[in-house]
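Below is one structure; the comments refer to it alone.
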Amino acid sequence: MSHSNTVESFTLAPGFRTAAVACGLKPSGNLDLALVAADGPCSAAGVFTTNRVKAAPVLYDQAALAENAVGIRAVLTNAGNANACTGEEGIANTRRMAELTAYALRCQPEDVLILSTGVIGRQLPMDKVTQGIAEVTSKVADTAPLQAARAIMTTDTKPKLSTRQFESNGQTVTISGFCKGAAMIHPNMATMLAIITTDAIVEPDMLQAALRAAVGRSFNRISVDGDMSTNDTVLLLASGVSGVTLDSQTLPPFTEALTDMCTDLAKQIVADGEGATKMIEITVTGAQSEAQAHMVADSIARSPLVKTAIHGGDPNWGRILCAAGYSGAPLDQERLRLSFGDEAQRLLAVERGMPTDYDLARAEALFQGNPVLIQLDLGLGDFDATVWTCDLSKEYVDLNALYTT
């Protein structure tokens with residue numbers, strides 16, 4: 001399996017074209033409308049927020065995929081307005097966006113998926129959106145995926161993109177996509193949007209299974225601030241232009257490559273978390289199940305006390321054990337083993353639930369680095385899970401105290 005994250009050379013999988021324009025949704029005047037269009041009908045899959053307050057495009061896309069998972073032709077994304085908590089008008093505006101895009105691309109409205117991100121509770125200015133759709137559909141071409149990745153950004157400081165390739169029966173299959181996300185990040189999923197493309201031929205049910213497995217080990221393993229949004233969506237479209245058909249035998253390597261690429265994108269989100277100065281990798285081992293390991297790691301990842309200690313370079317291991325203890329997962333305090341750093345620099349701080357005679361200065365040095373690596377062994381079984389998060393800084397508070405103004 002090969003991979004690439006080079007910004008300058010980034011492309012989507014064969015069979016897809018892109019375009020991006022600024023239609024006035026972002027006060028900055030930056031790009032805010034992106035289109036990914038396929039040359040032909042695509043199999044498609046989606047994973048969406050589990051928040052019970054769902055934005056209009058989430059509801060629209062869920063219904064569209066339930067009815068038409070084999071004929072998707074395009075994904076239109078706007079940034080600067082979430083179109084969430086907007087009632088029937090918001091649903092109607094989403095449908096109108098699909099209709100306008102479909103008319104320009106000469107397909108049906110049900111062939112177009114819609115994504116939105118931005119401030120909640122405001123109606124879309126449809127005059128601006130209508131003009132933007134006219135412009136973006138006229139510019140769609142084989143180039144400009146980087147501009148599309150920039151157009152969907154909100155508080156992100158950089159575009160997030162990734163590509164993987166693997167061999168299937170001697171032929172190359174490409175998986176390539178981009179995402180956005182910097183805050184309101186927490187499973188399941190986060191204030192994030194991701195558009196992933198592949199040139200493989202995959203039946204929708206198999207595509208959905210692969211995507212759900214990949215998201216479960218990537219986008220659902222990150223946290224910035226413990227908040228889950230109303231718009232979170234990951235879409236996967238398969239153009240089939242490679243001519244490579246995936247079946248039950250060849251799906252596992254595809255799922256592995258997809259998971260690897262999604263993990264890369266997920267870690268880019270955490271590294272670009274609002275106000276973040278450090279990425280944190282938390283691995284819990286020795287669990288009785290993967291779910292138990294994930295529950296403990298997730299509890300540590302969303303602890304403000306842990307995140308602020310790491311921001312200050314303070315190896316306050318008591319906060320880590322405390323967060324593990326209130327996770328809700330069954331633990332045996334006397335079996336806990338906590339260490340910091342990678343295998344080459346591993347520092348054992350806690351053994352059997354008690355502090356060791358460790359070198360504090362060395363521990364502080366590990367916590368002042370980036371990334372900060374934390375390993376907690378529960379001593380109960382053979383399962384593990386890894387979660388990625390970031391530190392919590394004053395800048396995060398400043399950004400979110402003034403977000404809507």
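How far is helix 87-105 tilted off the main Cα axis of the chain, in degrees rounded to 10, range 0 to 90? That works out to roughly 60 degrees.
The heavy atoms of GLU256 offer some 120 square angstrom of accessible surface to a 1.4 angstrom probe. Computed across segment 64-118, the Kirkwood hydrodynamic radius from all distinct Cα-Cα pairs reaches 11.5 Å. Placing R0 at 25 angstrom, the Cβ-Cβ distance between ASP247 and THR386 gives a FRET efficiency of 0.25 after rounding to 0.05.
Computed on the Cα atoms alone, the convex hull of the chain gives a volume of 135 cubic angstrom per residue. Given +1 at the Cβ of Lys and Arg, -1 at the Cβ of Asp and Glu and no other charges, the dipole of the chain around its Cα centre is 780 debye to the nearest 20.
Short version: what are the Cα gyration tensor semi-axes of segment 83-185, square root of 5 times each eigenvalue, largest first, in whole Å?
Details: eigenvalues 156, 78, 37 Å².
Whole-Å semi-axes of the equivalent ellipsoid: 28, 20, 14.
Among beta bridges identified by DSSP and lying wholly in segment 33-182, the antiparallel ones come to about 65 percent. The convex hull around the C-alpha trace of segment 43-96, projected and averaged over every direction, spans 4.0 square nanometres.
Counting only DSSP H runs of at least 4 residues, each contributing -39500 (n - 2.57), and dividing by the residue count of the chain, the helix-based mean residue ellipticity at 222 nm comes to -10000 deg cm²/dmol. Going by accessible surface with a 1.4 Å probe and the largest first, MET295, MET192, MET153 read MET295, MET153, MET192. Of all DSSP bridge pairs formed entirely within the chain, close to 70 percent run antiparallel.
Using alpha carbons only, the radius of gyration of segment 9-125 set against its Kirkwood radius gives Rg/Rh = 0.95.
The GNM of the chain, with springs linking C-alpha atoms under 10 angstrom apart, assigns the highest mean-square fluctuation among CYS42, CYS107, CYS390 to CYS107.
The phi torsions of segment 162-170, fed into the Karplus equation with coefficients 6.51, -1.76 and 1.60 and a -60° offset, translate into couplings of 6, 9, 9, 9, 8, 8, 10, 6, x Hz, rounded to whole numbers, with Gly and Pro shown as x.
Ordered by 1.4 Å accessible area with all protein chains kept, ARG106, ARG346 run largest first as ARG106, ARG346.
The values are calculated or read from the model by the stated rules, or taken from the named source; none is laboratory data. Nothing here was measured: the structure is a model prediction, and the numbers come from that model. Here Cβ is always computed from backbone atoms with ideal geometry, including for glycine, and neighbour counts include all displayed protein chains. Heavy atoms of the whole protein, side chains included, go into the accessibility calculation; ligands, DNA and RNA do not. Shrake-Rupley method; radii C 1.70, N 1.55, O 1.52, S 1.80 Å.
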